Amino acid sequence: MTTQPLDTPIAAPRPPRQKSLYSFGRAGLWVFVGIACFLSLVPFYLMFVWASLPSSQIFTVPPHLWFGDALAGNFQKMMTATDNFALRQFWNSLYIAALSTVTTLFFCSLAGFAFAMYDFRGKQYLFGFILITMLIPPLVMDIPSFLVMNNFLHWIGTPRTLWVPGMANAFGIFLMRQYIVSALPKSLIEAARLDGASEFGIFMKVVVPLIRPILATLGIVTFVGSWNNFKGALIMRLSEDSTMTLPLSLRKITGGATNVNADWGATLMMVVLTVIPLLIIFLFASRQVISGLTSGAVKD
């Protein structure tokens with residue numbers, strides 16, 4: 001049996017943790033998050049509810065908080081207001097946004113991979129030039145873009161004017177290059193070369209699976225920006241019913257921001273038609289975005 005020496009200092013007892021203060025702060029944080037989520041979801045809920053109400057009941061006080069029976073009627077009014085081109089215009093927006101997203105992801109990821117993993121003459125100067133173009137205000141490029149599309153390519157009034165110019169944009173190249181530099185070691189690329197993989201095979205089979213989070217992020221940004229592109233469609237004269245996109249069509253059926261006599265039932269029905277694809281895209285891609293923010297990078 002061992003005895004403790006008399007001169008050994010006795011450790012002071014630890015003070016009890018203030019669990020009540022910690023629990024109160026955590027509960028307050030959850031309350032704040034709950035209120036923020038509620039305030040974010042209420043506009044979407046009211047949008048769907050009011051799209052099912054007649055126009056005479058949308059602005060009543062107190063407002064209706066449950067679904068009505070005018071959903072089919074509002075859909076028919078929307079089709080009539082757009083001369084039965086609403087679904088075609090929905091397809092136009094989806095076609096342009098999808099092509100813009102796919103081509104942007106492909107070319108920007110290729111360029112970002114080249115700037116991150118290859119050494120070639122003038123690499124730094126070329127990348128610096130790309131960064132400088134990000135400083136140019138987008139409004140400055142409207143007139144030159146129109147002149148090029150009208151006088152040289154003769155594409156005015158066609159959907160390709162909205163997705164071809166942005167296939168390899170500076171922001172996407174910069175974002176991809178920075179992510180690949182931080183997440184992919186060069187030793188991984190060299191190991192794939194030693195195994196006999198081609199350069200494009202390395203990109204498709206090694207690089208692309210490891211950069212899915214940033215692809216999802218850039219994809220969401222590109223799709224939403226293209227889907228909501230009202231100014232571009234207006235400048236490029238997609239004013240025909242068969243080529244019009246949803247933002248232009250929505251502006252057309254409202255008759256202007258100051259028109260109080262618009263059929264708001266049909267308008268909200270088109271708003272629902274406009275918002276649904278964005279919600280679906282976000283729900284499918286948000287997991288990849290979150291995983292990209294929380295996962296660690298691959299290290300040497």
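The values are calculated or read from the model by the stated rules, or taken from the named source; none is laboratory data. Since the model is a prediction, treat every value here as computed from it, not as a measurement. Reconstructed Cβ throughout: ideal geometry from the backbone, glycine too, with neighbour counts over all protein chains shown. SASA here: full protein model, heavy atoms, side chains in, ligands and nucleic acids out. Shrake-Rupley method; radii C 1.70, N 1.55, O 1.52, S 1.80 Å.
For the chain, with all protein chains present and a 1.4 Å probe, just round the carbon and sulfur fraction of the accessible area to a whole percent.
Numbers: 13380 of 19230 Å².
Within the chain, the accessible surface is 70 percent carbon and sulfur.
If you count only protein heavy atoms with a 1.4 Å probe, what accessible area per residue comes out for the range 73-180, rounded to a whole Å²? Before the final figure, lay out each step's value.
Details: 6110 Å² over 108 residues.
Spelled out: the 1.4 Å probe surface of the range 73-180, per residue, equals 57 Å².
Pop a pseudo-label 7 angstrom from the Cα along the beta-carbon direction at both Tyr45 and Leu283 and give the gap in nm to one decimal.
Each label point lies 7 Å from its Cα, and together they span 1.7 nm.
Give me a comma-separated list of calculated 3J(HN,Hα) values for the range 161-168, in order, Karplus coefficients 6.51, -1.76, 1.60 applied at θ = phi - 60°, integers in Hz, x for any Gly or Pro.
Per-residue couplings from phi come out as 5, 9, 10, 5, x, x, 5, 10 Hz.
For the chain, what does the relative contact order come out to in percent, with C-alpha contacts under 8 Å and a separation of six or more? List each step's numbers first, then the result.
On the way: 278 pairs, mean separation 84.8, N = 300.
With pairs under 8 Å counted, the relative contact order is 28 percent.
Quickly rank 201-209, 30-38 as a protection proxy: mean count of other C-beta atoms within 10 Å, highest first.
Values: 201-209: 15.4, 30-38: 10.0.
Packing order, densest peptide first, comes out as 201-209, 30-38.
Within the chain, what is the number of lysine pairs with alpha carbons under 24 Å apart, leaving out pairs fewer than eight places apart on the same chain? Each step should come with its number before you reach the end.
On the way: Lys77/Lys252; Lys123/Lys186; Lys186/Lys205; Lys186/Lys299; Lys205/Lys299; Lys231/Lys252.
So the count works out to 6.
If I build a Gaussian network model for the chain, linking alpha-carbon pairs within less than 10 angstrom, which residue out of Met167, Met141, Met270 has the largest mean-square fluctuation?
Met141
Any idea which of Leu87, Ile130, Phe48 is furthest toward the positive side of the dipole for the chain, if Lys and Arg beta-carbons carry +1 and Asp and Glu beta-carbons -1?
So the residue furthest toward the plus end is Ile130.
The range 90-140: which chymotrypsin sites (Phe, Trp or Tyr not before Pro) are DSSP loop and have at most 15 other beta-carbon atoms within 10 angstrom? Numbers along the way, then the final one.
Values: sites: Phe90, Trp91, Tyr95, Phe106, Phe107, Phe113, Phe115, Tyr118, Phe120, Tyr125, Phe127, Phe129; in loops: Tyr118, Phe120.
Answer by residue number: Tyr118, Phe120.
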